[in-house]
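Enquirer: Got a structure here, written out as structure tokens. Questions coming.
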Amino acid sequence: MLTRLKAKSEGKLAKQICKVVLDHFEKQYSKELGDAWNTVREILTSPSCWQYAVLLNRFNYPFELEKDLHLKGYHTLFQGSLPNYPKSMKCYLSRTPGRIPSERHQIGNLKKYYLLNAASLLPVLALELRDGEKVLDLCAAPGGKSIALLQCACPGYLHCNEYDSLRLKWLRQTLESFIPQPLINVIKVSELDGRKMGDAQPEMFDKVLVDAPCSNDRSWLFSSDSQKASCRISQRRNLPLLQIELLRSAIKALRPGGILVYSTCTLSKAENQDVISEILNSHSNIMPMDIKGIARTCSHDFTFAPTGQECGLLVIPDKGKAWGPMYVAKLKKSWSTGKW
């Protein structure tokens, strides 16, 4: 019975693949990724292969679930491999695809865990948040990275911004579901155009995360409306300009000496390496930070494609490591004045 249901489910998902998007990706990514694209395509078009990591909520710790995950063969991610890994963050993953059910949102009850693509923790860890720091999550919805940041440390102030009003509601609900009331008081949620944040709050933050709007490769592949998908593809060339403008705003909002992390969930070089190259070429006060060490220490859990950058990592989906796509770049603002 279960086999029949699985086959039916896989058949249904296979039918939902948007040919317009797949053809577009085929042309672009076979050039950019070479032979690796064949494996990446196989995983991206097979949701039954996708994996979900389980991030435990330190504010309502699920001891029973943790025991159960151990019994099911789950193992912890990062612990022992990254020197600055925060002990308060616990994330479990399984080598085999599968998904435990999501928890329902209940007012007054904190959720015990958050399901996520494990690669989305890399930008959070790259930020190296410390207790008491002022941090900005510029494009924060649906809230997973904000939740993960709060598993790492207790900031003095966390500003979560989201320009899209529907996604803003989702962000508020996520924060309410995971964060206890006393900590909610150090969190500000705003609905500002991220491109204006730097002018509104200049040099205010120690750390800034820009998890930018991008071509979301996984979800775009399953667009049910091919007309909308074609429209998205034609507008795709405009995304790097928006991403650069968001980064310029983030740089203004960052104090000198502060750290900026940029991330996307696309494989696209134009939205990843090219955006960061443009920022480095046009801002003399922004320096790349070497994060190749993360790739070295995490290669047993993630597959990284070469980016040609010391400051940039690209996680690509692979067999047994179906995480990503996720691009992460780490930059630092120097004390000298830069050109805009």
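Enquirer: Which order do the peptides 96-106, 43-53 come out in when sorted by mean C-beta neighbours inside 10 angstrom, highest first?
Expert: Result, highest mean first: 43-53, 96-106.
Enquirer: Also: Across the range 57-62, in residue order, what do the Karplus-derived ³J(HN,Hα) couplings come to in whole Hz, using 6.51 cos²θ - 1.76 cosθ + 1.60 with θ = phi - 60° and x for Gly and Pro?
Expert: Calculated HN-Hα couplings, in order: 8, 5, 8, 8, 5, x Hz.
Enquirer: Which aspartates and glutamates have a Cα lying under 17 Å from the Cα of LYS112, excluding residues fewer than 8 positions away in the same chain?
Expert: GLU64, GLU66, ASP68, GLU103, GLU176
Enquirer: May I pose another question? What spacing in nm lies between the two simple spin-label points modelled at SER334 and CYS154, each 7 Å away from Cα in the Cβ direction?
Expert: If labels sit at SER334 and CYS154, their model points lie 3.7 nm apart.
Enquirer: Here are a few candidate values for Cα extents along the principal axes in Å: (1) 52, 44, 40; (2) 64, 47, 39; (3) 58, 57, 43. Which one was actually calculated from the structure I just gave you?
Expert: Checking each listed value against the structure points to (2).
Enquirer: What net charge is computed for the residues neighbouring SER102, neighbours being all others with C-beta under 15 Å from the C-beta of SER102, Lys and Arg scored +1, Asp and Glu -1?
Expert: Here the charged neighbours net out to +3.
Enquirer: What's the extension gain from LEU110 to LEU65 if we count 0.36 nm per residue and subtract their Cα-Cα distance? The partial results should precede the final answer.
Expert: Values: separation 45, 0.36 × 45 = 16.20 nm, distance 1.48 nm.
So the chain would gain 14.7 nm between LEU110 and LEU65.
Enquirer: Something else: Where only protein heavy atoms count, and the probe is 1.4 Å, what is the accessible area per residue for the range 119-333 in Å²?
Expert: 38 Å²
Enquirer: Rounded to the nearest 5, what % of DSSP beta bridges with both residues in the range 119-333 are antiparallel?
Expert: Percent antiparallel among DSSP bridges in the range 119-333 is about 50.
Enquirer: Is there a pair in LYS87/LYS207; LYS169/LYS330; LYS31/LYS321; LYS111/LYS145; LYS252/LYS332; LYS196/LYS292 whose C-alpha atoms are over 24 Å apart, and which pairs would that be?
Expert: LYS169/LYS330; LYS196/LYS292
Enquirer: Please list the helices of the chain that count as membrane-span-like by this rule: a mean Kyte-Doolittle hydropathy of at least -0.5 together with Cα atoms stretching 15 Å or more along the helix axis, each helix being a complete DSSP H run.
Expert: Helix filter hits for the chain: 165-178, 239-253.
Enquirer: How many nm separate the modelled label positions at LYS228 and SER81, each set 7 Å beyond the Cα in the direction of the Cβ?
Expert: Here the modelled spin labels are 3.6 nm apart.
Enquirer: Comparing LEU93, LEU260, LEU183, which has the greatest mean-square fluctuation in the GNM of the chain with Cα pairs linked when under 10 Å apart?
Expert: LEU183
Enquirer: Can you give the net charge of the other residues whose Cβ lies under 12 Å from the Cβ of LYS112, counting K and R as +1 and D and E as -1? All intermediate terms of the calculation are to be shown ahead of the outcome.
Expert: Numbers: positive: ARG58, LYS90, ARG104, LYS111; negative: GLU64, GLU66, ASP68, GLU103.
Taking every other residue near LYS112 into account, the sum is 0.
The values are calculated or read from the model by the stated rules, or taken from the named source; none is laboratory data. Keep in mind the model is a prediction, meaning the values are calculated, not measured. Heads up, the Cβs are rebuilt from the backbone with ideal geometry, glycines too, and the neighbour counts pull from every protein chain shown. Protein only, heavy atoms only, side chains kept; ligands, DNA and RNA dropped before computing areas. Shrake-Rupley method; radii C 1.70, N 1.55, O 1.52, S 1.80 Å.
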